[in-house]
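Asks: Dropping a structure here in structure tokens format, bear with me for questions.
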Amino acid sequence: MITVENVSMKFNLGIEKDFSMKQAFINMLLRKKTNKESFWALKNINFHIDKGEVIGLIGSNGAGKSTLLKVVSGVMKPTSGKVTINGVISPMIELGAGFDQELTARENIYLNGAILGYSKSFLDEKFESIVEFSELRDFLDVPVKNFSSGMTAKLAFSIATIVNPEILIVDEILSVGDIKFQEKSKNKMMEMIKGGTTVLYVSHSLESIKELCTKVIWLEHGQIVKIGDVKKICDEYYKEQMK
């Protein structure tokens, strides 16, 4: 389903500041040189995921987990290497990124649904299911800009999971909303897994990784440390973090 071959990703640490006139002016006043050092977020990553596998990605902050998800889902193009996907991907990486803050929840259901490739007739059919799962019926006509981050994530998750995708790319999704909604999210994900969905899942919760995943990939400093048995590698990772 997913093959990642020799993938590397390089970022220029100073590129965003270079495009800021304000930053350029400050740098000039302080006689500060612009940082143009390169940073390799991923280095020569190789792995294969078969249909129906649930792969957990673990690693400390800055290890390259989210970057890898974005490369696999096509949000970012790798500096080198190749990603081959056989199946339809549903990426749940930055929930709510496709929302218009000025529009209501009702309007954003159709907008975000269209971005995900759903037709209006399909969204009409699934509208009640989306609203019921999101628990936001009383807020349908409220602009999303007035939502809490938890409410926004609930709405986005409910739209993104109205169908069972072939491949699911997930970044810390089970921490969405309150405890009740987190349990609903986990159950929904379990339903997808049982239905044969292939999953690439990032989480800092080792218990969640152990519960859901069939294999784990441990990343550090943009490189793979180990791939394999979930419990064994999670336990090794935990001991390393506790040093």
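The values are calculated or read from the model by the stated rules, or taken from the named source; none is laboratory data. All values derive from a computational prediction rather than experimental measurement. Positions of Cβ are generated from backbone atoms using ideal geometry, with glycine treated the same way; all protein chains shown enter the neighbour counts.
Asks: Go through region 135-150 residue by residue and tally those that are at pLDDT below 90 and touching a helix residue (DSSP H, G or I) at 6+ places or on another chain (Cβ under 9 Å).
Replies: 1
Asks: Restrict the check to region 169-182 and report whether at least one residue is in contact (Cβ under 8 Å) with a residue 60 or more places away in the chain and aromatic (Phe, Trp, Tyr).
Replies: No, because not a single residue in region 169-182 is in contact (Cβ under 8 Å) with a residue 60 or more places away in the chain and aromatic (Phe, Trp, Tyr).
Asks: Could you give me the residue pairs with C-beta distances under 7 Å whose first residue belongs to region 221-239 and is aromatic (Phe, Trp, Tyr), whose second residue is in a strand (DSSP E or B) and surrounded by 15 or more Cβ atoms within 10 Å (Cβ to Cβ) wherever it lies, and which are 6+ apart or on separate chains?
Replies: Tyr237/Ile58; Tyr237/Trp218
Asks: Now, a different point. Can you name the residue in region 115-131 that is within 22 Å of Ser185 (Cβ to Cβ) and hydroxyl-bearing (Ser, Thr, Tyr) and is also surrounded by the most Cβ atoms within 10 Å (Cβ to Cβ) among such residues?
Replies: Only one residue fits best here, namely Tyr118.
Asks: Could you list all residues from region 199-235 that are farther than 17 Å from Leu42 by Cα, touching a Lys or Arg at 6+ places or on another chain (Cβ under 7 Å) and at pLDDT 95 or above?
Replies: If the condition is that a residue be farther than 17 Å from Leu42 by Cα, touching a Lys or Arg at 6+ places or on another chain (Cβ under 7 Å) and at pLDDT 95 or above, then Gly228, Val230, Lys231, Ile233, Cys234 are the ones that fit.
Asks: Answer with yes or no whether Glu135 is of a type outside the set (A, V, I, L, M, F, W, C), outside the structural domain of Thr67 (by TED's automatic domain parsing) and without any contact (Cβ under 8 Å) to a residue 24 or more places away in the chain.
Replies: Considered against the rule, which asks whether it is of a type outside the set (A, V, I, L, M, F, W, C), outside the structural domain of Thr67 (by TED's automatic domain parsing) and without any contact (Cβ under 8 Å) to a residue 24 or more places away in the chain, Glu135 comes out as no.
Asks: Now for a separate question. Looking at Gly59, Gly74, which one is in the same structural domain as Lys215 (by TED's automatic domain parsing), on the phi > 0 side of the Ramachandran plot and modelled with pLDDT under 90?
Replies: Gly74
Asks: Could you tell me which residue of region 63-114 is surrounded by the fewest Cβ atoms within 10 Å (Cβ to Cβ), considering only residues that are of a type in the set (Lys, Arg) and touching a residue at least 24 places away in the same chain (Cβ under 8 Å)? If you could, list the steps in order and put the result at the bottom.
Replies: To start, the set of residues in region 63-114 that are of a type in the set (Lys, Arg) comprises 65, 70, 77, 82, 106.
With touching a residue at least 24 places away in the same chain (Cβ under 8 Å) added as a condition, the list becomes 65, 82, 106.
Details: Lys65: 25, Lys82: 10, Arg106: 15.
Per the criteria, the residue is Lys82.
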